[in-house]
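S.K.: First, the structure itself, so that you have it in front of you.
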């Protein structure tokens, strides 16, 4: 232990591993730290080798890049994406299964190399490899119209209900691409990946982010069950090869404001141990992932929300509804707040809680 602490305090080099971050974005962020660094990418995975003169400078650069790439940064050194996915599932006590052989083929060979993976992944034992479950899944799918995509979405949902797992992986292999599905209780993340872009790694990254409550990569959509998947989501998605106009000047300022507010909330919460109840819209923000034991999302019908806000805000209601409600709803949608909560409680009826 003393040796590890000594190495951390004296370390002046490290290799950061990211997935789903464009190479140009990583290079630009690294350059802004002023460090000597090399960035290399293969597909959607990027490695950034940092070298500094002092451990303090390295620590500062690490923190800067971790803030900038909170969802994309999955590890350092020899950490692999499959290890990061298993670690996220185990840390947040989530169970993963597959609804079909194709998804099992993508994941099993990689998962079996990780010690303890059997705690969070069933390797088909409770899902598609079980004859009774497979028969029930086929019965659900055979009545679905519209082709293989809605049939696969139905199979993912049916597997989640039958097995009761937190996440269900599925995939639809096509001639030049693969449609990846990762289902939860309320809906499913969907991404189409070119077969040359290693769909298995994209699926592992989707699992890692979902288990950790992190936003998915651009191009991955959230799809509620029972609704048609947009056509553009069924076209192979690629990382942007250049920045969008003004994206690198406006986004960091907003991100830092949110980060600072969350850090302040966290400091206040930790000061109140041993039992901490952190309340508020942003108490479920991904930057706080890992600090909570249980996440509860309270909701109500739109009409009831309007009634409560009118009673609370009075003459200020119109401005509040026009400005803050859309921002909150966008935040809920972007980070899938309700879908990743441990419990969702509808408070529409009086006396619910």
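Every read-out reported here was derived from the displayed coordinates using simple, explicitly stated rules and does not represent laboratory data. Quick caveat: nothing in here was measured; it's all calculated off a predicted structure. A quick note on method: Cβ atoms are made from the backbone with ideal geometry, for glycine too, and the neighbour counts reach across all protein chains shown.
S.K.: Sort 68, 209 by Cβ crowding within 10 Å, fewest neighbours at the top. Kindly include the intermediate steps, with their values, before the conclusion.
M.R.: Working: 68 22, 209 27.
Starting with the residue having the fewest Cβ neighbours, the order is 68, 209.
S.K.: Ranking request for peptides 210-223, 334-347: highest mean number of other beta-carbon atoms within 10 Å first, then the rest in descending order. Mind showing how you got there, number by number?
M.R.: Values: 210-223: 20.4, 334-347: 16.6.
Listed from highest to lowest mean packing, they are 210-223, 334-347.
S.K.: Same structure again: So, in nm, how far is label residue 143 from label residue 320 when the simple model puts each one 7 Å beyond its Cα toward the Cβ?
M.R.: Label-label distance for residue 143 and residue 320, simple model: 4.5 nm.
S.K.: Looking only at the range 62-197, where both bridge partners belong to it, what percent of the DSSP beta bridges are antiparallel (to the nearest 5)?
M.R.: 75
S.K.: In whole Å, what three semi-axes, largest first, describe the equivalent ellipsoid of the range 1-144 built from its Cα gyration tensor (square root of 5 times each eigenvalue)?
M.R.: Working: eigenvalues 311, 65, 24 Å².
For the range 1-144, the semi-axes come out at 39, 18, 11 Å.
S.K.: Run the numbers on the chain and let me know its relative contact order in percent, using alpha-carbon pairs under 8 Å that are six or more apart.
M.R.: Relative contact order, the chain: 13 percent.
S.K.: I've got another one for you. Distance from the Cα centre of the range 107-154 to that of the range 23-74, in angstrom?
M.R.: Here the answer is 37 Å between Cα centres.
S.K.: Assuming a viscosity of 0.890 mPa s and a temperature of 25 °C, what translational diffusion coefficient in µm² per second does Stokes-Einstein assign to the chain, Rh being the Kirkwood radius over Cα pairs? Mind dumping the intermediate values first?
M.R.: Working: Rh = 22.3 Å.
Here the translational diffusion coefficient equals 110 µm²/s.
S.K.: At 0.36 nm per residue, minus the direct Cα-Cα distance, what do residue 225 and residue 186 gain on full extension? Give it in nm, one decimal, please. Intermediate values should be presented prior to the final figure.
M.R.: Numbers: separation 39, 0.36 × 39 = 14.04 nm, distance 0.70 nm.
My answer for the length gained is 13.3 nm.
S.K.: Between residue 64 and residue 293, what FRET efficiency comes out of the Förster formula 1/(1 + (r/R0)^6) with R0 = 30 Å and r the beta carbon distance, rounded to 0.05? Numbers along the way, then the final one.
M.R.: On the way: r = 29 Å, r/R0 = 0.97.
So the FRET efficiency works out to roughly 0.55.
S.K.: Sticking with this one: Just to verify a number: FRET efficiency for residue 14 and residue 118, C-beta to C-beta distance, R0 = 41 Å, to 0.05?
M.R.: Details: r = 31 Å, r/R0 = 0.75.
For R0 = 41 Å, the calculated efficiency reads 0.85.
S.K.: Follow-up. Roughly what % antiparallel, to the nearest 5, for the DSSP beta bridges in the chain? If you can, show how the numbers build up before the last one.
M.R.: Details: 34 of 42 bridges.
Antiparallel bridges: around 80 percent, rounded to the nearest 5.
S.K.: Between residue 31 and residue 78, what FRET efficiency follows from the Cβ-Cβ distance if R0 is 30 Å, with the result rounded to 0.05? Walk me through the numbers on the way to the answer.
M.R.: Details: r = 26 Å, r/R0 = 0.85.
So, using R0 = 30 Å, E works out to roughly 0.75.
S.K.: How large is Rg over Rh for the range 139-239, taking Rg from the Cα atoms and Rh as the Kirkwood inverse mean of 1/r across Cα pairs?
M.R.: Numbers: Rg = 12.7 Å, Rh = 13.6 Å.
Result for the range 139-239 is an Rg/Rh of 0.94.
S.K.: Hey, fewest Cβ within 10 Å first, where do 12, 154, 46 land in order? All intermediate terms of the calculation are to be shown ahead of the outcome.
M.R.: Working: 12 13, 154 20, 46 25.
Listing 12, 154, 46 from fewest to most nearby Cβ atoms yields 12, 154, 46.
S.K.: Hey, what number do you get for the chain at 222 nm if only DSSP H runs of n ≥ 4 count, each worth -39500 (n - 2.57), divided across all residues, to the nearest 500?
M.R.: Numbers: 12 runs with 156 residues, N = 353.
Taking each H run of at least 4 residues, the total per residue is -14000 deg cm²/dmol.
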